[in-house]
Amino acid sequence: MLVTGVLVAVAAAASNAVGSVLMRSASRHHDPAAGRRQALVALLRRPAWSAGIAAHVLGFVLQGVALGLTLLTVVQPVLVVELPFTLVLSALVLRTPMSRRAWVAVAAMAGGVAVFLVCLVPEGGDPAGTTATAWLVGTAVVLVLLAVLVLLGRTGRARQRALWFGIATGVTYGYNAALLAALGPVWAQGWSGLLTAWPTYGVLVGGTVSFVVLQQALQAGDLLWAQPGITLANPLVAIVWGFVVFGERVAVDVWLLGAAAGAAAIVAGTIVLSRVALPAVAEDVDAPSGPGPER
């Protein structure tokens, strides 16, 4: 189940990356003079935009399946490969070449995820058996943390605003994953089970909040500062939640050093990719496009 869950999580990351690239490809042909409503209508008429949304929905479903197959602390770290997937696909589809340094960072992230999973090997945990008190306390901590990050984002300048809202976005992603993991045992009951389970509505509310916070991070206009928080806070919150709230556990031995080394490679790769590869993609998407066929 572990290997299958990891493979499904990789597929979820790849699907999200395809969705991001398709939506960015559609956005390349926007009219800078058009208003927001006109721009949105124009995007909805583009097959690439609709296909991108469908790919994101598929990625969400695959993430849920992965969380039903293996532990939260395994699935969420795997999903960080969405960033290198997105940038590599962007290089191919949007023709935004990646430097040698960027490719090294991609390899570091991939290797870091592999080492992290091999060395950590979490076990146990029971989202369905988690007490109401644990859920309430954990949720309260997340809400307080989110409120602090949003306050810092609103009072900060461009870079600080992007940084704090980026971290806030990652926090909501990690919490939403915990809610999604709690729905795993409910899926066997079909739609009736899903509609009567409170985490279902928690996912809907959490998804809305994460979308709003993500827009604030993107509107700050500095992906170099926003992306690391979006990518890294997600698995960090999920890992803490898995160990502290769900009761997952890991052996305390020398293998933890390997897990720490893998985590360090993921962090370093994320920061390097955000600095050397994201700017080219952002500039390419934001730049007005000339005449030519849509891709």
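The table for this structure:
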read-out: Test set (1) in a helix (DSSP H, G or I); (2) at pLDDT below 90 - A34 fails condition number; value: (1)
read-out: Complete set of residues in the stretch 166-200 that are aromatic (F, W, Y), over 18 Å from V65 (Cβ atoms) and more than 20 Å from the chain's Cα centre (by Cα); value: W198
read-out: Tally, over the stretch 225-276, of residues that are surrounded by 17 or more Cβ atoms within 10 Å (Cβ to Cβ) and either farther than 30 Å from T130 by Cβ or over 20 Å from the mean Cα position of the chain (by Cα) (or both); value: 15
read-out: Matching option when the condition is under 21 Å from I230 (Cβ atoms) and among the small types (G, A, S), among A114, A108, A128; value: A108
read-out: Sole exception among (1) polar (S, T, N, Q); (2) modelled with pLDDT of 85 or more; (3) over 23 Å from P185 (Cβ atoms) for T96, by number; value: (2)
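The values are calculated or read from the model by the stated rules, or taken from the named source; none is laboratory data. What you see is a predicted model; the values in this text were computed from it and never measured. Virtual Cβ from ideal backbone geometry, glycine too; neighbours counted across all protein chains shown.
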